[in-house]
Amino acid sequence: MLRCLAKKPEHRYRSAAELRGDLETCGKTGASSFRIRKSLAAVAALALLIAMGAAGTWWYVRASHMRWAENVALQEAQRLRDHFQPMAALRLLQQGERYSPSSSRVIPT
């Protein structure tokens, strides 16, 4: 395109046939490079989708473990303590601490 708009006549195409030849060549290579770019875009979109799915799954599992530690494990540890099983209660609270280390409900300060 820039060659068609060149200021100096010696830098422009000498004939329409020369321009047509370059356009045909560009069309042949341009179509394949467009397919390659389209394929790369599809691969990038798929990789992004997989990464987002993995991050979402990690977040969901982490949140689920935290909910379990704060709701289920704490109540179960209290029940075990009430039934004179302090070691089982301690193990359960230690497991809950791994899932929710910053929770003041699981780890009393």
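The numbers here are math on the coordinates, done by the rules we state, and not lab data. Owing to the predicted nature of the structure, the values given are computational and were not obtained by experimental measurement. A quick note on method: Cβ atoms are made from the backbone with ideal geometry, for glycine too, and the neighbour counts reach across all protein chains shown.
Using all Cα-Cα distances in segment 9-99, what percent lands in each 5 angstrom bin from 0 up to the longest?
All Cα pairs, binned at 5 Å, distribute as 3, 12, 10, 9, 7, 6, 6, 5, 5, 5, 5, 4, 4, 4, 4, 4, 3, 3, 2, 1 percent.
Positive end of the charge dipole of segment 9-99 (Lys, Arg +1 and Asp, Glu -1 on Cβ, about the Cα centre): tell me which of 93, 63, 52 has its Cα farthest that way.
52
Out of 20, 81, 62, any idea which swings most in a Gaussian network model of the chain, alpha carbons joined below 10 Å?
Among 20, 81, 62, the largest GNM mean-square fluctuation belongs to 20.
Taking the alpha-carbon centroid of each part, what is the distance from segment 59-74 to segment 86-103 in angstrom?
Between the Cα centres of segment 59-74 and segment 86-103 lies a distance of 11 Å.
If each DSSP helix of 4+ residues adds -39,500 (n - 2.57) and the sum is divided by the residues in the chain, what number results at 222 nm, nearest 500 deg cm²/dmol? Write down the numbers at each step before the final one.
Values: 3 runs with 75 residues, N = 109.
So the helix-based figure for the chain works out to -24500 deg cm²/dmol.
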